[in-house]
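The values are calculated or read from the model by the stated rules, or taken from the named source; none is laboratory data. Since we're looking at a predicted model, the values are computed, not measured. Here Cβ is always computed from backbone atoms with ideal geometry, including for glycine, and neighbour counts include all displayed protein chains.
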Amino acid sequence: MMMMEDKLLNWLKLVFISLMVLLFVSKIAVLLWWRPRKIEDHFSKQGIRGPPYHFFIGNVKEIVSLMLKASSQPMPFSHNILPRVLAFYHHWRKIYGATFLIWFGPTVRLAVSDPDLIREVFTSKFEFYEKNEAHPLIRQLEGDGLLSLKGEKWAHHRKILTPTFHMENLKLLVPVVAKSVTDMLDKWVTMSESGNVEIEVSEWFQILSEDVITRTAFGSSYEDGKAIFRLQARQMDLAAQAFQTVQIPGYRFIPTKRNIKSWKLDKDIKKSLMKLIGKRKENIGNVLPEKGPKDLLGLMIQASDSSPNITDYDIVEECKSFFFAGKQTTSNLLTWTTVLLAMHPQWQVLARDEVLRVCGARDNIPTKDDVVKLKTLNMIVNESLRLYPPIIATIRRAKTDAELGGYKIPSGTEILIPILAVHHDQAIWGSDANEFNPARFSEDQEFKPYDDDDDKLLSDDEEENVTQDVYEERRPNHEMDKERDSIATHLMLR
Ligand code: HEM
């Protein structure tokens, strides 16, 4: 009798385990085989195709091979950088057209470069899309700040931090920026006294951007902030090294030499920031000096005073986010603008003449009023951002089933927006799309957010009112509308 019972029990165990294995295998099969096929079919019926999906790896192998091939070729002396920088996109766009599917492993991405569709994603139908999850290494660097936050929390933080970017506040920062720039130029002059010197401008501009962002983020706590951002810069170097190696899932949890260094840095950054926040809180009366620029740290600490939702953790993460978002972007822009001016000296002459005309004698530091008069320089910066955008692509994820330009987009589809490709598209910019021609922005002058008489579209008071009204008016009663509405509000404020 006992033997029979044991046998039955063993048999039941076997059936149970087999069922579990079957369930697991079918889940994997659905996720890695059936679902991708279904999605391919869904899009193909709407006339959208792309390179075929391969089990588990999607198109990653082809992407890596196209990118490696492109970067192994000698670089021609040309601004036509799309075939090199986004080689896979360039290659498949020629075959499948402007809107096509790519598989990053089993994750589907719909490449969209039509400005009308992009407008839908970011404006008219923004409520259907959200930011996608960043790679864990990036997430660690960018922190849980504006860059990665979603929904209510993002809206709340965005409302608190928007004043740092108000024109009035930016104007107060002009002397701060000017001081950092003149310090750098003085060093260059000293270096050149011993004869011709060659300098790596990208390194200098990284130091410069770091310096200015430190002042924006930390204000009066500049020295402490600088030490913290130094740690974060080291953290970025480690992440860059990690990206150059093959990514094995979970590898970042293994105590390798680099990971241990990175964990320690992370701990040190958090500890130093907490200490700094503590210091500023003790000195709360001086957090926002009456006449000085508003700094990110001061604004967050002030907000945490009245809102229990803003914790020290949130403040730490926003500081990390600012640094991550601002440093490389700004230094890349400065570097490419310098390179472009060197390549196109006629524009360098025009820019220099304008600066001397507007700012007067060479030693005069530009004032906030001068800055808006530098029209040619503004055109040059726009053209530089167009040809060499510091962010070459971005992604949004469909939160629910959505419609995009008439196409039916299933929930979970990621929309890949190749900013660089849009900026180099001849259909948008004309046959000279790959040429440096700042004059293309001269007609836009009337549409710029400022002109000589009125240097911005909205005054800060007006902007503040819009912020407040839109935020309050749109605060939804219905729970389900909450997230959608807060995103709506704050996208309008961007
Ligand atoms: C040339 C310089 C810059 C460029 C081209 C640039 C570009 C961008 C772009 C394209 C985004 C949107 C990313 C997305 O949602 O997919 C973004 C977001 C952001 N940037 Fe910048 N950025 C620059 C400088 C800065 C600086 C100097 C700071 C701060 C000191 C900064 C802080 C941020 C923040 C906080 C966000 C997130 C905004 C939000 O989601 O509410 N950026 N930037």
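Select the helices (runs of 4 or more DSSP H) contained entirely in the stretch 18-133, then report the ones holding at least 3 residues which are under 21 Å from PRO418 (Cα atoms) and at pLDDT 95 or above.
Correct list: 60-72, 82-85, 87-96, 115-119.
Take the conditions (1) within 24 Å of ASN332 (Cα to Cα); (2) assigned to a helix (DSSP H, G or I); ILE199 misses just one of them, which is (2). Looking only at residues of the stretch 329-352 that are buried (at least 18 other Cβ atoms within 10 Å of the Cβ) and of a type in the set (Ser, Thr, Tyr), we find that the one that is nearest to the chain's Cα centre (by Cα) is THR330. If the condition is being basic (Lys, Arg), within 16 Å of the ligand (Cβ to nearest atom) and more than 16 Å from PRO175 (Cα to Cα), then the stretch 212-233 contributes only LYS226.
Answer yes if at least one residue in the stretch 311-319 is without any contact (Cβ under 8 Å) to a residue 60 or more places away in the chain, surrounded by 15 or more Cβ atoms within 10 Å (Cβ to Cβ) and assigned by TED's automatic domain parsing to the domain that holds ILE213, and no otherwise. Yes, the stretch 311-319 contains at least one residue that is without any contact (Cβ under 8 Å) to a residue 60 or more places away in the chain, surrounded by 15 or more Cβ atoms within 10 Å (Cβ to Cβ) and assigned by TED's automatic domain parsing to the domain that holds ILE213.
Among the conditions (1) within 17 Å of ASN434 (Cβ to Cβ); (2) surrounded by fewer than 16 Cβ atoms within 10 Å (Cβ to Cβ); (3) in contact with a Ser or Thr (Cβ under 9 Å, 6 or more places away or on another chain), the only one that ALA98 does not satisfy is (1). In this structure, is MET236 away from the ligand (no atom under 14 Å from the Cβ), touching a Leu at 6+ places or on another chain (Cβ under 8 Å) and closer than 20 Å to LYS270 by Cβ? Criteria met by MET236. Going by the structure shown, is LEU172 within 16 Å of the ligand (Cβ to nearest atom), out of contact with any helix residue (DSSP H, G or I) (no Cβ under 6 Å at 6 or more places or on another chain) and either modelled with pLDDT under 95 or β-branched (Val, Ile, Thr) (or both)? Taking the combined requirement at face value, the residue satisfies it.
Total residues in the stretch 243-270 satisfying the condition of being modelled with pLDDT under 80 and on the phi < 0 side of the Ramachandran plot: the figure is 9. Of the listed requirements (1) in a helix (DSSP H, G or I); (2) surrounded by 10 or more Cβ atoms within 10 Å (Cβ to Cβ), MET3 misses just one: (2).
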